[in-house]
Structure formats: structure tokens, C-alpha cells
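The values are calculated or read from the model by the stated rules, or taken from the named source; none is laboratory data. As the structure is a prediction and not an experimental result, all values here were calculated from the model. With ideal geometry, Cβ positions are generated from the backbone for all residues, glycine too; neighbour counts draw on all protein chains shown. The protein model used for the area step is the full one, side chains on, heavy atoms only, and it has no ligands, DNA or RNA in it. Shrake-Rupley method; radii C 1.70, N 1.55, O 1.52, S 1.80 Å.
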Amino acid sequence: MAAPRSCALWSYCGRRWSRLMRCCELPGLRSSWPGGPLGARQLSQEKQATETHFGFETVSEEEKGGKVYHVFESVAKKYDVMNDMMSLGIHRIWKDLLLCKMRPFPGTQLLDVAGGTGDIAFRFLNYVQAQHKGKQKRQLRAQQNLSWEEIAKKYQNEEDPLGGSRVVVCDINKEMLKIGKQKAHARGYKAGLAWVLGDAEELPFDDDKFDVYTIAFGIRNVTHIDQALQEAHRVLKPGGRFLCLEFSQVNNPLISSLYDLYSFQVIPVLGEVIAGDWKSYQYLVESIRQFPPQEEFKEMIEDAGFEKVTYESLTSGIVAIHSGFKL
């Protein structure tokens, strides 16, 4: 649903003003302007009852948070099944591509926000474990004079199969975290994994803590996307990377028409049949249409302080992966 031209102009001007103010900051001082992390926190403490969207519905900002929470509380148990049904399993490929783009190395500290059911976290753990094993094998092959006993001891004495890598899954919804923990237990994931209840707009972590920040299919549900982006920038270490996988704007007219037909006529029906919840999936479909297109979201990421921001559209723009660095 296209935003009114006046709203687009206002958004554009606001972003340019934010960039100008950042250029004027004094070295060594944390800005209290909304463009900086401290400003984001101050604004979060002084939320006004302004209007925003909940799908195609207009609601107060305070009301949206509760409505989104209820949506994911309602769909948590069937969330993974519905992801497979709605995307015909393609979401798995999109998430694999996110990990390929990340290319984490042993020792990487990852924060996965809105990652309640653990899809990104489990992929990350599998990836870094495989990387660490590969590195170990290469090191052993390079040491030609080792006996069989010495090689066996090196494997037996391995204390951390992840090479120091850790992932923290942060989600605002208790039910989503509950499902994620159950999946982790069933699949045997223990080491290097933590679950934290937290808000993307006010992350409960120190500054400069993580190497990578990921958020997959979550940022469009945040009330204040700009604040969530500023928080992502705050908790990343210098040199850290921001990666976002999110639904975006389809760039092929024919595919766009078919996609709209499928989204509005099929997905809510699947939600009712499989999860017993038409309304939640109607909201999810509508929320996709309210999310900024690729270029506009790229500018929002830049306004939060990230540099070298790029994006890659997948499946004709149905989703996109945005990347940025804290430099």
C-alpha cells in the first residue's frame, strides 16, 4: 500500500536532517540527538501516543506493540510449519544464503534478534562447528610427524567444538523463545547458545559487544525501526556487521500480481486451516506491504550510522538481504 507523497517527503527530509546532525557531533561525545544510540534510549522513555500502522490498520504506537506480541504468541507453536507452507520451503534457502553471506569464523559472537525459534542460531552453530573442524583437520595434516596416539589426544582434548563462537538469541516474545529452547533441546544444541528475553528497540546488552547482528523476518514488526537499527549499531563492535533478511518489494510486475494473489487469498486460509488463526496471518501479509522497499530501507540503515550498506534481492525481490558495517 503506497504511502502518501507528503509522508514520503517528510521521511526523506527527516533522514537527511539526521545525517546532517551526525556530521556535526563533537568527537568523544555521545549524541543525545535521536540519530544516536543515547537519543534512541531517551526517545524510548518518552514514547508519545502517535499513530502507526498494524498491517493496514491505523493504531497507536503503544497499541501496536501489544498487538504484535499477541500475533506471535498465537502463532508460535505452528510458526515453523507455517513458514514451510507459506514459502513452499524456500525460506530455508533464504536463511542458508544469509549464513553464506555472513561467513562467520570460529570465535564469532553473534546476536540474533527476533530469532525466537532458533532457525538462524542453529544454522550459525552448524556453520562455525564445520569451519572449526575443517581448520583442525588442516592443522593436523600439516603436522606430518604426529603419531596416531597424538592425533587421537588432540581430538579428545578438544574443549570447545565451536572454536569460541557464541550466539545469543534475543526475542521479545516468551512463547517464541520457549519453542526455540524446545527445538534446541530436541536437536542437542547446548554449547555456545543463550536465550534472552529483550526488546529490539532497547537491547539489554552493553555497547560494542557483538561481531555480527542478524534479524530475519523480524524488523518489519518493530514499532520504531529507526530505534532498532540504532540499537543494532550500538551493540556491535567496531568492524561489526549488520545483516537483515526481510520481505521486500517484488521487481517483476507479473510475479508481483501472482504474489499478491497468493498472499491475500491463500496465506490467511492456510493460517486458518493449519494454525487456526486467520487474523494473525492476514496481519503478516499486510505488514509486508507496509515495509519500505529496498532502497529506502538501505537509507534507513545508513542513517543509523552503518557504512558500506548494500542489499541483494532474492526471488525477484520477494525478500532481500541488507548488509552494513559499523566502521
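Here the extension length gained between residue 90 and residue 130 equals 12.1 nm, from 0.36 nm per residue of separation less the Cα-Cα distance.
If you plug the beta carbon distance of residue 270 and residue 105 into 1/(1 + (r/R0)^6) with R0 = 45 Å, you get a FRET efficiency near 0.70.
Mind checking the per residue accessible area of region 205-327 for me, 1.4 Å probe, whole number of Å²?
Accessible surface, normalised per residue, equals 38 Å².
Take residue 186, project a point 7 Å from its Cα along the Cβ direction, then tell me which residues of region 103-132 have their backbone nitrogen under 13 Å from it. The answer is 117-119, whose backbone nitrogens lie closer than 13 Å to the label point. Mind listing the long-range amide H neighbours of residue 193? Cut-off is under 5 Å, sequence gap 5 or more, other chains count too, H placed in the peptide plane at 1.01 Å from N. Distant-sequence amide H within range of residue 193: 167. Under 5 Å between amide hydrogens, built in the peptide plane, is the criterion, and for residue 249 it picks out 294 among residues at least 5 positions away or on other chains. In this structure, residue 60 and residue 205 have a Cβ-Cβ separation that, at R0 = 45 Å, corresponds to a calculated FRET efficiency of about 0.95. Straight-line reach from residue 308: taking Cα to Cα under 28 Å and skipping same-chain neighbours fewer than 8 places apart, the lysines in range are 95, 101, 209, 237, 298, 326.
Annotation: amide H of residue 314 within the under-5 Å range of 319, 320, 321, sequence separation 5 or more or interchain, hydrogens built in the peptide plane. Within the full protein context, the accessible area of residue 132 is estimated at about 30 Å² for a probe radius of 1.4 Å.
Backbone phi angles across region 69-83, fed through the Karplus curve with coefficients 6.51, -1.76 and 1.60 (θ = phi - 60°), yield HN-Hα couplings of 4, 5, 4, 6, 5, 6, 9, 3, 5, 10, 4, 5, 4, 5, 4 Hz in residue order; Gly and Pro are listed as x. Give the Kirkwood hydrodynamic radius (Å, one decimal) of region 201-259, defined as one over the mean of 1/r across all pairs of different Cα atoms. Computed over region 201-259, the radius equals 13.0 Å.
Hey, which of these cross-link pairs are over 21 Å Cα-Cα: 135/183; 78/183; 64/174; 67/279; 78/279?
Numbers: 135/183 28 Å; 78/183 13 Å; 64/174 17 Å; 67/279 11 Å; 78/279 14 Å.
Flagged as over cut-off: 135/183.
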